[in-house]
Each structure stands twice: as structure tokens, then as C-alpha cells.
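First up is the structure itself, then whatever we jot down about it.
The values are calculated or read from the model by the stated rules, or taken from the named source; none is laboratory data. Every value quoted in this text rests on a predicted model; they were computed, and no experiment measured them. So basically every Cβ, Gly included, is an ideal-geometry build from the backbone, and we count neighbours across all protein chains shown. The accessibility values were calculated without ligands, DNA or RNA, using every heavy atom of the protein model including side chains. Shrake-Rupley method; radii C 1.70, N 1.55, O 1.52, S 1.80 Å.
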Amino acid sequence: MKNKNDDKEQISIPKEQVDLVLGLYSSGKINEAIEMIKALNEDYPNIPLLFNLLGACYNALGQFNPAAQFFETAISLKPDYAEAFLNHGIVMRKIGKLDHAVKSFKRAIEILPTYFEAHNKLGVTFIDLNQYEDAIEHLEWAVAYKFDFAEAHNNLGVANKKLGQISSAAKKFEKAIKINKNYTLAHLNLGVTLAELGQKDKAVMCFKQAISIEPDNPLAHEKLKELNSD
């Protein structure tokens, strides 16, 4: 959840009230945040921000259908609300409506072409749809607009790997790790990729690093055991 109020919303809703909602959300007090937003909604009706925040709260609770409805309400009130389109796409992807997710992410990018997060989410959704070239295009835009976007570099590696571009994939995973040394998934992905490239010792190091970050990670232990048994 982000505080991306437009000017009218900042004037309409006291900033301290929005900050309180964001604080409750950030601290995991989702139901309290919902109650506060609903109270604000009575005093400040038809404010897109409030419906976007409600959607984010219900998304956090795993209640994706009401979350989607609140994002749709925010969009109906503010058709150029890029963040609400992003959030709607995220929920659509979670419930398996990938075509709807693609449409929402694309709309977010149409509104805000430099929206690196939307490019990343669209790229991941294209991976889900096995459209790897399209995925790479948007993931490359994501890292172009945010060069230190570790998640997007990792996702680029996944897309490269799906296309059989193993060496390129390894470089992308390495880039993600360089940005975030505690990125467990990137360590795992790099380990698997290096193992495929025959670099067993380096792969072992990757899995050991993943375990040092997440001692109970089952996949890291499984992959390490496989390599040690060879």
C-alpha cells in the first residue's frame, strides 16, 4: 500500500488521518485500518484513495474478491488512477484471471509509462502465460526505469531460463543478488542454473547461502542434498 494521493485527495482528507491508516496497515492491524477507512469514507465520500486503501487491506487479508471490487470502485471514480490499476492487476493474477491482470497492468503503464512496478508485474504475468519474449520486454523496461530493482532482475533470469538462455539467466540472478545479498529466491535460482551449467561447487555455495538466510528453506536443503549425493 502506498500513499500516492493526488492533490484533491490531499486537500480533502487530512494527511494525519491517511498516515494513521498507513501506520495501522504497515503494522499488520488490517481490521483496525479498515474500520478507520470506513469511518473516513462517511466524512469524505467518493474519494478514490480510500477505496484503493480498502482494496489493499482486503488483499492483505486474502479476501481477493472484495479487494478487486474496491479497486474497481477507485478506478471508476478516477479513471487515470495508475496505482489502483496496478493493485487490481495484482489481485486478478492471484485469483488466476491472467488476461484481466494483463489488461490492468497495461492500463497502469498507459497512464504512467515509467511505472516500473507495473512493468515488472506485467512481465511476471506474461511468464505465467508462457509469453516469454513479451515478459522480457517489460522486465527490461522495469530495470531500465529502476536499475536496482532486484525482483525484476530475478524475473528476467526466470524468463531467460524459460527460453533456454541459461548463461544470461545466471547473470540476471547474479545481478539480483548483487543488489540484494539476502534475496533467497535469487540464490536458489542461481544455484539451480549453475548446476545445469555444470558448476557444482558454485551451486553448492548458492544453496548454502540461501540456507544461511532462511535456515528452514526446504528447497535449498533439497537441492543441496541432491548435489551432495551426486
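Can you confirm whether region 85-95 contains a residue that is part of a loop (DSSP other than H, G, I, E, B), under 18 Å from residue 59 (Cβ atoms) and free of Cβ contacts under 8 Å to residues at least 12 places away in the same chain?
no
From the list 118, 135, 108, 68, which residue is part of a helix (DSSP H, G or I) and either touching a strand residue (DSSP E or B) at 6+ places or on another chain (Cβ under 7 Å) or more than 21 Å from residue 155 (Cα to Cα) (or both)?
Criteria check complete, one pass: 68.
Taking interchain pairs and intrachain pairs at least six residues apart, which have beta carbon atoms under 6 angstrom, with the first residue in region 120-132 and in contact (Cβ under 8 Å) with a residue 12 or more places away in the chain and the second part of a helix (DSSP H, G or I) and open to solvent by 50 Å² or more (accessible area, probe 1.4 Å)?
125/93; 126/134; 132/162
Condition check: out of contact with any helix residue (DSSP H, G or I) (no Cβ under 7 Å at 6 or more places or on another chain), under 30 Å from residue 118 (Cβ atoms), open to solvent by 40 Å² or more (accessible area, probe 1.4 Å) and at pLDDT 95 or above. Does residue 181 satisfy that?
Values: out of contact with any helix residue (DSSP H, G or I) (no Cβ under 7 Å at 6 or more places or on another chain): yes; under 30 Å from residue 118 (Cβ atoms): yes; open to solvent by 40 Å² or more (accessible area, probe 1.4 Å): yes; at pLDDT 95 or above: yes.
In short, yes.
Kindly indicate the residue of region 30-84 that is over 21 Å from the mean Cα position of the chain (by Cα) and charged (D, E, K, R) and also farthest from residue 95 (Cα to Cα) among those meeting that condition.
43
Just give me the residues in region 72-93 being open to solvent by 70 Å² or more (accessible area, probe 1.4 Å) and either farther than 22 Å from residue 50 by Cα or acidic (Asp, Glu) (or both), in sequence order.
Listed by number, the residues that qualify are 72, 80, 93.
Quick one: is residue 140 at pLDDT 95 or above, open to solvent by 60 Å² or more (accessible area, probe 1.4 Å), assigned to a helix (DSSP H, G or I) and not aliphatic (A, V, I, L, M)?
Numbers: at pLDDT 95 or above: yes; open to solvent by 60 Å² or more (accessible area, probe 1.4 Å): yes; assigned to a helix (DSSP H, G or I): yes; not aliphatic (A, V, I, L, M): yes.
So residue 140 fits the description; yes.
Mind checking which residues of region 26-55 are within 24 Å of residue 104 (Cα to Cα), assigned to a helix (DSSP H, G or I) and open to solvent by 10 Å² or more (accessible area, probe 1.4 Å)?
48, 51
When the residues of region 147-170 are narrowed to those that are in contact with a Ser or Thr (Cβ under 9 Å, 6 or more places away or on another chain) and not small (Gly, Ala, Ser), which ends up most open to solvent (accessible area, probe 1.4 Å)?
161
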